[in-house]
Amino acid sequence: MKKLIPLLLLATSMSNANPNANANPNANAQDRQLAGRYEAREADWRNGPVVYQVLVDRFAPSANLEAKRHLYPAPKRLHPWSAQPQRGTYLEREKLWSHEIDFWGGDLASLTGKLDHVQQLGADVLYLNPIPLAYTNHKYDALDYNQVSPEFGTREEVKQLAKSLHAKGMKLVLDGVFNHMGRNSPAFREAEKNPKSPFREWFVWGDAYPGGARVWWGAENLPELNLESPRVRAQLWGEPNSPVRSWLRDGVDGWRLDVAYDIGFNYLSELTRAAHQQKPGSLVVGEIPNFPKEWLGPVDGVMHFGLRRLLIATANGQFPAPAAQAVIERLLLDAPYEHILKSWIYLDNHDTPRLATTVKDPAARRLALALMFSLPGSPNLYYGSEVDMEGGEDPEMRGPMDWERVAAGHPALEQTRQFIRLRKQHRALRVGDYRKAEAQQLIAFERHTDRVADTVLVLANPSSQTVTETVLVANSKLMDGAWLRDLLDGSEHQIQSALLPISVPAHGVRWLVPLTAPRLGYTHYKRVQ
């Protein structure tokens, strides 16, 4: 007995010293190198969540509109929920377009009453277009960053909204507009009148500028902020009571930054550091249409403008599959992948025509959605797109939410729920790596982790004809003679020697997963992690 005790102690100490002692015994050398990568990604909510975007004024009708009708004085106009936005005329005195001050009366209270819809859809993040005190309906012309526009509600209601979302396991992201403010802001009006005002340095002045101050894209209602001033930056994001920090302290989980490319690399890095210092694990996503590579780092993620254009053109048959795949890979793989997982993929939003308008064919639209939900990143759904709401250029894409389509169970609603449900069930679609599969006429790629059962092979046919070909799947763990099942239609397909003969119908998509469970007591995968 005395001789056995040291041997037992030695075995125990060796087991504790080996970090892979409890690892899957079938893990190979590559698996061991990847150990912990995907678990760490899953622990970070910013990687691959489904984001649902809302314009507060247009999402849900107010329960007590008459009590707040006085908040919409002329020339503002309050429309019935059944009306659709139409382009207006330029108002010289206000320096904006009349449709920018057309309202439908939605508010934070009515939004909160519809959170069940957002949750049942499967969204993980609620993203709100700007809510600060501002003159317009879109609120990109802030008058005061620290107040909520009274048409929408109060700051306390935002705190309560964040609590409600957190209780449902969801996060809240606000739209931050820190490149410019509104011409009607007290800061600008005082600085305009008084050259000695402390707010004078907030803006850039000169006779060459329309209206006397530098403005964003020629819009006189949007004077740009002088971010070269350290004091201005401190008041926006550096100081404890700055809007970037104080809203995070109030329970908000992150920022989507309007026209982030105008803020520049260095100031974005400064803002992102401030957000992370205030709330570790908070998200900063930039509206950046440029090639993303060098912007990832200064922000946690970008909005994929280029990917949106590509997916819509591909769905409409304007981009052949091999060329589309090459562009996808250049956009995604040239950039730091951990930041790509935090970037937002979208097909429509408040600045673009709606998906049902840009892609008329339902099958082609389904293909675009299937790619959005399977490519690396965070799918961003614009309110109403889950029921195929239509809308053209500004302001048509900002119509009020069609709750009648939701109540009627529009076919697109279940389709969207299916994509989200499958995404949640298959971790590779959320946090997995990307690997190209070799095909001639299909968009073909894998999302994969260190576990073979997690693999999802995506095959998309953007053409108007059925494609039948053999695809090379460069996954060493997919066993010869094993079967794959299509998550979308249930069909099964056999892989042989890493080659998969497959047919994909016109505008069709397959999400294929390996069948690893034993059949009649046998499985090819008994010694593979």
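The values are calculated or read from the model by the stated rules, or taken from the named source; none is laboratory data. What you are looking at is a predicted structure, and each value in this text was computed from that prediction instead of being measured. When we count neighbours, we look across all protein chains shown, and the Cβ atoms used for this are built from the backbone with ideal geometry, even at glycine. All accessible areas refer to the heavy atoms of the entire protein, side chains included, with ligands and DNA or RNA removed. Shrake-Rupley method; radii C 1.70, N 1.55, O 1.52, S 1.80 Å.
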Along the charge dipole of the chain, pointing to its positive end and built from +1/-1 on Cβ of Lys, Arg, Asp and Glu, which listed residue (Ala67, Met303, Leu55) has its Cα farthest out? Met303
Among Ala356, Gln418, Pro400, the residue whose Cα sits farthest towards the positive end of the charge dipole of the stretch 341-450, when +1 is placed on the Cβ of each Lys and Arg and -1 on the Cβ of each Asp and Glu, is Gln418
Between Arg189 and His276, what length comes free when the chain is fully extended (0.36 nm per residue of separation minus the Cα-Cα distance, one decimal in nm)? 28.0 nm
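How charged is the neighbourhood of Arg451? Take every other residue with its Cβ under 9 Å from the Cβ of Arg451, and add Lys/Arg as +1 and Asp/Glu as -1.
Spelling it out: positives minus negatives among the neighbours equals -1.
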Where the centre of each part is set by its Cα atoms, how far does the stretch 460-477 sit from the stretch 484-529, in angstrom? 13 Å
Give me the dipole magnitude in Debye, nearest 20, for the chain about the Cα centre, with unit charges on the beta carbon: positive for Lys and Arg, negative for Asp and Glu. 1640 debye
Which percent, to the nearest 5, of DSSP beta bridges fully inside the chain are antiparallel? 55 percent
Please determine, in degrees from 0 to 90 and to the nearest 10, the orientation of helix 411-425 with respect to the longest principal axis defined by the Cα atoms of the chain, where the helix direction is its Cα long axis. 60 degrees
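At 1.4 Å probe size, with every protein chain present, just tell me what the per residue accessible area of the stretch 395-529 comes to in Å².
Accessible area per residue, the stretch 395-529: 43 Å².
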Residues meeting the amide H criterion for Asp144 (H placed from the backbone, H to H distance under 5 Å, 5 or more places apart or on another chain) are Leu133
Going by amide H atoms built from the backbone, whose H comes under 5 Å of the H on Leu225, apart from near neighbours? His180, Met181
For the stretch 269-354, what does the accessible surface come to per residue with a 1.4 Å probe? Please give it in Å². 34 Å²
Could you report the stretch 80-237's accessible area per residue, 1.4 Å probe, as an integer in Å²? 41 Å²
Please work out how much length the chain gains when fully extended from Arg417 to Phe291, using 0.36 nm per residue of separation minus the C-alpha to C-alpha distance, in nm with one decimal. 42.3 nm
Hey, any idea what % of the stretch 402-517's accessible area is carbon plus sulfur with a 1.4 Å probe? 48 percent
For the stretch 327-404, listing trypsin sites (Lys or Arg not before Pro) in a DSSP loop whose Cβ sees at most 14 other Cβ atoms within 10 Å gives Lys360
Determine which lysines satisfy two conditions relative to Lys526: a Cα distance under 28 Å, and not lying fewer than 8 residues away in the same chain. Lys424, Lys436, Lys477
In whole percent, the fraction of accessible protein surface over the stretch 291-384 that belongs to carbon or sulfur atoms, probe radius 1.4 Å, stands at 57 percent
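In debye to the nearest 20, how big a dipole does the stretch 278-338 give about its Cα centre with +1 on each Lys and Arg Cβ and -1 on each Asp and Glu Cβ? Walk me through the intermediate numbers first.
On the way: 5 positive and 6 negative charges, 33 e Å.
So the dipole magnitude of the stretch 278-338 works out to roughly 160 debye.
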Give the angle, between 0 and 90 degrees and rounded to the nearest 10, that separates the Cα long axis of helix 265-278 from the longest principal axis of the Cα atoms of the chain. 80 degrees
Using modelled backbone amide H atoms (1.01 Å from N, in-plane), which distant-in-sequence or interchain residues come within less than 5 Å of Lys171's amide H? Val125, Leu126
Coil-residue GluC sites (Glu not before Pro) of the stretch 347-418, DSSP, other Cβ within 10 Å capped at 11: Glu393
Want the number for Thr468 to Gln496: 0.36 nm per residue separation, take away the alpha-carbon distance, what's left? 8.5 nm
With +1 on each Lys and Arg Cβ and -1 on each Asp and Glu Cβ, how big is the dipole of the stretch 181-300 about its Cα centre, in debye rounded to the nearest 20? 320 debye
How large, in percent, is the carbon and sulfur part of the accessible surface of the stretch 73-177 at a probe radius of 1.4 Å? 52 percent
Can you check what the net charge comes to around Val513, using other residues whose Cβ is under 9 Å from the Cβ of Val513 (Lys, Arg +1; Asp, Glu -1)? -1
